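Scroll down for the structure; my scribbles are underneath it.
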Amino acid sequence: MNNDKKNNQIKALVKDIAELSADAIFITDQKGNYVYVNKSACDLLGYTADELTKLNISDIAHKDHVKEQQENFKKLLETGKTFTEINITRKTGEIITADLNAALLPNGLVYGSCRDITKRKLSEDILRKNTAMFAKMLANIGDVIVIIDKEGINRYKSPNVERLFGWKPEELVGKSTFENIHPEDIEYTQIFFRELFKNPNAKGSIECRYKCKNGSYNWIEFTGVNLFEDPDIKGILGNYHDITKKKKTEESLKESETRFKALHNASFGGITIHDKGIILDCNKGLSEITGYSKSELIGMDGLLLIAEKSRKTVMKNILSGYEKPYEAFGLRKNGEEYPVRLEARNIPYKGKQVRSVEFRDITDQKKAEKEQQRLQEQLNQAQKIESIGRLAGGIAHDFNNMLSIIIGNAEIALEEAEDQRPLRDFINEILKASERSADLTRQLLTFARKQTVSPMVLDLNKTIAGMLKMLTRLIGEDISLKFIPDKNIAPVKIDPSQVDQILANLCVNSRDSIKDIGSITIETSNIVIDESYCENTPEAVPGNYVIISVSDNGSGMSKKTVKKIFEPFFTTKKLGAGTGLGLATVYGIVKQNKGFINVYSELEKGTVFKIYLPGFSDSFDEIKPVSASNTSQKGSETVLVAEDEEGILNFTVLMLKKLGYKVIKACSGEDALKAAQSFSGRIDLIITDVIMPDMNGKKLSEEIKKIYPEIKTLFMSGYTANVIAHHGVLEKNINFINKPFTKSDLASKLREILNQ
């Protein structure tokens, strides 16, 4: 009896749940006769429950789809389940489309649920028809039509791009528009677009070379207008067409004048005239670049001035009569290879056609381009985050307005509902969802730096100490939380709630990266940022800063992931486990307070976030940067530098050379060990990164001490000394410097160690 009573209670509960469902729910026998329908099914079909339980599923099927529905029902009985779209007839005769989800129950009955999708299908049909009509219209226009967003990504390409340039639209949409611009034209093209992005409705035109599907380049004329404020376009609307023939005509008119000017201008570069590769004449500039005298060059095979790896390309261009600039590697008299820019013309010379070639040594240019690329990548990332921030702020502001209306009306409805229980429950769910949405918009506004704040002068040590209990509860008992304050910390001016947000988000981020048991360390310290530091950190400006460092020994991140972590909605967590707004919020707060962030991370070793906030100047004007130009800060010793990050290695070597040191550089622990073994002189000190892929800094130091017992070691890391020591990589009382460091920091540290 007890089991029967329990089963009856369960059946009643299931029936109650079905009656509350917004979806139409029904049960039929194996002939398709309705046994049970819920209220939503009655509402959907327009029948009463008594009327429906006297009908068969074929009775409500659209007259043109009865046979199809019977076949679907037969397959359901065979397979046990189905999910399909069906057309059904309401009692009024109205035809609707519904999603059907049905399954065969163990007792032989069929359970199913339906949802009306008529409006959605109608919208899809209208959109499909309009899109097809628009595409046909654009296909008949002579120019290619394009829509480009603020990151330079193609969001639309008209179909005639295939007829004119060989590309299918789907091969270009979603990719950068600059991918197909000739490398020599990218810089001024990007400048053109940056200017076009600045002002709404701004217009402009530009000529550049555009890559065709077959690999060739054609000249195009592009005309665009800024329609980012247009809700239908939201980008640069542009059109372009092929002007290759026009450009060739213009070039041929200039050709006669430009052939011989360069030959008489020695400062223009190296000029040579050759016949089938044999040099007939040259200028002084070619002699200066190659190291050969003019008499040695006359009669020489010109290919001897080209490095072996580039000769095949150069020979191909000679034979084909190629007349556009291209890059290769030259070969000097002393055997040194160097990057060279070549440009050739076929010209008449003493009664026959020969070839004039300009040699341009681009060694310095290549170095500058590499550095520019590095800085451009940093600038692009900053601009990208700023653009996303503006977009996020705008969306959040408008969404907040809509949420106010939703919440306000829901609260009024709740009052009007009084004791209408099911209705009050639905309204309460609306209010809960609205409140959660409001939380998200607050985070977006924080990222966009548009939230209202009340900054005040704070002692960060006291503020953080007051948060420790809350942070401990937030991260859980399995993770230890340590706070290591600098006793002489400078005050900062910031809203206290923003400090709470920074630490809460960073600690939650650290907690989620720790699989089981782990530790999180919060540290504070002062730092003086000088000009040399700012050269490698564009976001920084010289001055006094306070650092809040949050370190963990979690799973760490790849370099690719680190580049994206501050973008809103980017997350490495599983679906539903995070919004991707935590670190974006931290970024927004720091930028709003005129600070910046550095992140260091190694996979399986952990992560450290360093927040730099300006010190409150009214109280700490006496802090002044220490100059590294003082003679006592310089040295002449030999220093071995081991660092696997190329950018850090290069600027560390540059700092050391400016300070007067002789430098041996190595890009890994193994390379450093080999360099030490092969070096014939004395090495006074080794500067090594603590964590490197092949050999960590501690192991490297131990191995080199076997060769140079008296050598001194300076360890460096993006992690703080406390965290490194916790990992057991370093022992106590070891010479250590935090990345990133200034030139004056490095100079002082080196003299402190070497003068011991």
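Within region 458-512, list the trypsin sites (Lys or Arg not before Pro) lying in a DSSP loop whose Cβ has at most 12 other Cβ atoms in a 10 Å radius. Counting only loop positions with at most 12 other Cβ atoms within 10 Å, the trypsin sites (Lys or Arg not before Pro) in region 458-512 are Lys487.
Where in region 48-113 are there GluC sites (Glu not before Pro) that are in a DSSP coil and have at most 15 other Cβ atoms within 10 angstrom of their Cβ? Write down the numbers at each step before the final one.
Values: sites: Glu51, Glu68, Glu71, Glu78, Glu85, Glu94; in loops: Glu94.
Hits after loop and neighbour filter: Glu94.
In region 42-96, one over the average inverse separation of all distinct C-alpha pairs is 12.0 Å, which is the Kirkwood hydrodynamic radius.
Our coupling estimate for region 160-170, obtained by passing each phi through the Karplus curve with A = 6.51, B = -1.76, C = 1.60 and θ = phi - 60°, is 5, 4, 6, 5, 8, 10, x, 8, 7, x, 5 Hz, Gly and Pro reported as x.
Cβ under 15 Å from Asn334's Cβ, Asn334 left aside: what net charge do those residues give with Lys, Arg +1 and Asp, Glu -1? Before the final figure, lay out the partial values.
On the way: positive: Arg332, Lys333; negative: Glu288, Glu296, Glu336, Glu337, Asp361.
Counting the neighbours of Asn334, the net charge comes to -3.
Using the alpha-carbon positions of region 32-130, Rg (one decimal) and Dmax (whole number) come out as 14.0, 49 Å.
Can you give me the accessible area per residue for region 266-331, using a 1.4 Å probe, in Å²? Walk me through the numbers before you get to the answer.
Values: 3440 Å² over 66 residues.
Spelled out: the 1.4 Å probe surface of region 266-331, per residue, equals 52 Å².
Shown in residue order for region 528-541 are the 3J(HN,Hα) couplings computed by the Karplus curve 6.51 cos²θ - 1.76 cosθ + 1.60 at θ = phi - 60°: 10, 8, 10, 4, 5, 5, 5, 4, 9, 9, x, 6, 8, 10 Hz (x for Gly and Pro).
Rounded to the nearest Hz, the phi-derived 3J(HN,Hα) couplings of region 289-304 under the Karplus curve 6.51 cos²θ - 1.76 cosθ + 1.60 (θ = phi - 60°) are 6, 8, x, 8, 6, 4, 5, 5, 6, 5, x, 6, 6, x, 5, 6, where x marks glycine and proline.
Within the accessible area of region 34-129, the carbon and sulfur atoms contribute 54%, probe 1.4 Å, all protein chains present.
Pairs from the table (Lys706/Lys749; Lys175/Lys324; Lys699/Lys739; Lys370/Lys662; Lys198/Lys743; Lys367/Lys712) lying more than 29 angstrom apart at Cα are Lys198/Lys743; Lys367/Lys712.
Residues in region 654-714 average 49 Å² of solvent-accessible surface per residue, probe 1.4 Å, ligands and nucleic acids excluded.
Asp99 sits with roughly 30 Å² accessible to a 1.4 Å probe, with DNA, RNA and ligands left out of the calculation. Database remark: amide H of Gly595 closer than 5 angstrom to no amide H (H placed geometrically; neighbours at sequence offset of 5 or more, or on other chains; Pro and chain starts carry no H).
Report the local net charge at Pro542: Lys and Arg +1, Asp and Glu -1, summed over other residues whose C-beta lies under 10 Å from its C-beta.
Numbers: positive: none; negative: Asp530, Glu531.
Charge balance in the 10 Å sphere: -2.
Within region 167-250, the GluC sites (Glu not before Pro) that combine a DSSP coil assignment with at most 10 other C-beta atoms in a 10 angstrom radius are Glu229. Close amide H partners of Cys208, meaning residues 5 or more places away or on another chain with modelled amide H under 5 Å apart, are Ile220, Phe222. In this structure the amide hydrogen of Ser519, modeled in the peptide plane, comes within under 5 Å of the amide hydrogens of Ser480, Asn553, none closer than 5 places in sequence on its chain.
The values are calculated or read from the model by the stated rules, or taken from the named source; none is laboratory data. Owing to the predicted nature of the structure, the values given are computational and were not obtained by experimental measurement. Cβ atoms come from the backbone with ideal geometry, glycine included; neighbour counts cover every protein chain shown. Keep in mind that these areas ignore ligands, DNA and RNA; they rest on the heavy atoms of the full protein, side chains included. Shrake-Rupley method; radii C 1.70, N 1.55, O 1.52, S 1.80 Å.
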